[in-house]
Each structure stands twice: as structure tokens, then as C-alpha cells.
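What follows is a single structure, written as C-alpha cells, with notes after it.
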């Protein structure tokens, strides 16, 4: 998944656009809207379009440096779950009848079954992430502190464990057949974004010329966050130790709570670093963003031309709205059904 950055004031460069791979499809997000396109088993491409503007438009303080990163991270998580739920319905994978328990729960809570299921899934995903990447890596810290390890050594080991868990988790997920196809769609998203950034006509032949690795990808953002957390946590631990004489690593609960409270700061700083590295071609920046690009080799795969068609359809809808189709090719939900791929006539520019 790509982290979207803001539009730059230049006529030489198209707007930055971010995206997310979904099951058998791609979501693309432009400056004013996002679109989802999925390929159904019969070959049709189903497209959805939703107006969407950054929260900073309504609340300017949310667009300030270091704050915008945390806001973007939270927005990305929330919107990502909604996109996955809608793409599943577009694909036709969540049309099965709800169970009696789901119907009872829906009646009691006054919400649709799909929203309840996605809400529960989101809560479970958050708890799983906290358990795997926060609670587990910090288990040995107290013992290491009592053994005389410095805060730097303790945080370095904790960070290495966290990074190893991330890489192992991504590698294991990539072994699932459906996820391998999703990683192919992730690759098609990156190739299409590159094609758009180079002002080339959006067709699969052009998109396939580019790399599946992109510097603004959310995978790179995660790795930057993990690395910077080591530096930031260590610095704050030393400051607290110097001011109060208390070593956070000596108390597991306090250490975990402090890490959770500092997470918005870490994501905010990481976002600014990602933006800086993505839009600079200096040797130093290329070197620093190299590890994140290599990690994307696990989260992306080379896509088929048909997958690039879906990504291009999603990008075109995000920038220009839904394509015109006969009324019989529109669904009650507002989705458009394309029976064949339509290439945009011109490059998409700002």
C-alpha cells in the first residue's frame, strides 16, 4: 500500500496519488476522491468512486508537519478497512446469508452486519498488531536491564526483534495464494503510479515498463517507523533517566504504555522522513530509502497485464470520475460495470 503525499505547486509534475491493493483489485486515492476497481471472475471490472478530501482542508492544524503523519496513519487504517469491505462486496465475496447470531447482534446494535463484522475485524487487527509488534518485543527488556544492559542496547534488541517479526509476518502471509495475487495487484498499483508520474498514456504496456518498487509505499513507511522507533525511544529513555533517575525498561507495563503513547510522535516523524526521501534523488536519500524498497520485494509481485488494467481503471476514476456507461451497467450501490478495459485517452496531469 502507498502513502499519499500532498500536491506540489508545479505544472511539470502530475499530482501525487496513493493507493492500496485489495482482493482482486486496487484502490487509488487522488486529491479530491478515491476509487476502487476489482476484477470479477467473469472478467468484468467493477468501479466505485467516492469524494474524499484531506482532513487538513477542514482542520488546517492536521496538515502541520509531524502532526499530518499521525493523522494520515490513522486515516489510512480506518479507510483501509472500509475499502476492503466495499471491495469484497463489489467482488461478490460477502453476499452469503448472515447467521442468526449476526442478525441478533445487528438488531441489538442497530447497525448492518457488514459494519459489525468489519468493526470487529479492525479491533482484532489492532490488538494483534499491538501484541505482535509492541508487547512481544518488549518482554525481555526488564531482564536485560537487570542484567546491566544500557537503554540503547535494550531498545536496539527490541527493535531488531520487532523488525524480524515484521519481515517474518510478511513472508508468511505471502505464501497464501490469495495474498500472492493481492501482492501482484500491489505491484500493478506501483507500476501505474509510476506511469502516471511520467506523464505516459495509461495503458498496461507502458505501466509494465516500470519497477514494482515505489519509494512512497506503505511498506517503506513501516520499516522507517520501526527503525526510527529505536532512535526516538532510546533518546526519550535517556532523557527520563537523566531527569528522574527512573529506567523505563525496569517496568514492563510502564514501558509498553510509554511506547503506545509515543506512537503518534514516531509515525509523525516517519512520515516526514518518507516524504523527504521519496522526492529527493541525492545519493544519500537513495541509499537511505534502499532498505524500504528491498522490503517491498516481499509485499509486491510482478503483475499480469489484466491487473494493470484494473489499477489504471481505478486511477482514471479517482482523477476523472466514473466512466460513462449505459444505465443497465450501473448497480444500485452506484458502481459501474465495465465489460472491457478502457484506456484513458490522454496522460493524467495536474
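Taken together, the values in this text are just the output of simple stated rules run on the coordinates, not laboratory data. Computed from a predicted model, the values in this text were never measured in an experiment. Here the Cβ is made from the backbone with ideal geometry for all residues, glycine too, and neighbour counts use every protein chain on show.
How far is helix 252-278 tilted, in degrees, relative to the longest principal axis of the Cα atoms in the chain, given as a value from 0 to 90 rounded to the nearest 10?
Between the helix axis and the principal axis of the chain, the angle is about 50 degrees.
If you fit an axis through the alpha-carbon atoms of helix 100-109 and take the longest principal axis of the Cα set of the chain, what angle between them do you get, 0 to 90°, nearest 10?
80 degrees
Rounded to the nearest Å, what's the spacing between the alpha carbon centres of the range 71-85 and the range 273-323? Just the number, please.
Centre-to-centre distance over Cα atoms comes out at 18 Å.
Quick check on the chain: helices-only [θ] at 222 nm, where DSSP H runs of length 4 and up contribute -39,500 (n - 2.57) each and the sum goes over total residues. Nearest 500, please.
-18500 deg cm²/dmol
With a 10 Å Cβ neighbour count serving as the proxy for reagent exposure, in which order, fewest first, do 234, 282, 219 appear?
In order of increasing Cβ crowding within 10 Å: 282, 234, 219.
Fewest first, what order do 211, 249 take by the number of other Cβ atoms within 10 Å?
211, 249
Determine which residues of the range 248-277 fall in the zone a paramagnetic label at residue 144 would reach in this model, i.e. backbone nitrogen under 20 Å from the point 7 Å along Cα→Cβ.
Answer for this model: 248-263, 266.
Can you tell me how much longer the chain between residue 343 and residue 123 gets when fully stretched, taken as 0.36 nm per residue apart minus their C-alpha distance, in nm with one decimal? The partial results should precede the final answer.
Working: separation 220, 0.36 × 220 = 79.20 nm, distance 3.91 nm.
Length gained, residue 343 through residue 123: 75.3 nm.
For helix 151-173, report the angle its Cα long axis makes with the longest principal axis of the Cα atoms of the chain; keep it between 0 and 90° and round to the nearest 10°.
The two axes meet at around 30 degrees.
Starting from the Cα of residue 298, move 7 Å in the Cα-to-Cβ direction to define the label point; list residues of the range 178-194 whose amide nitrogen is under 15 Å from there.
180, 183, by backbone N distance to the label point.
Assuming 0.36 nm per residue, please report the length gained on full extension of the stretch residue 243 to residue 79 beyond their Cα-Cα distance.
Gain in length upon complete extension: 55.0 nm.
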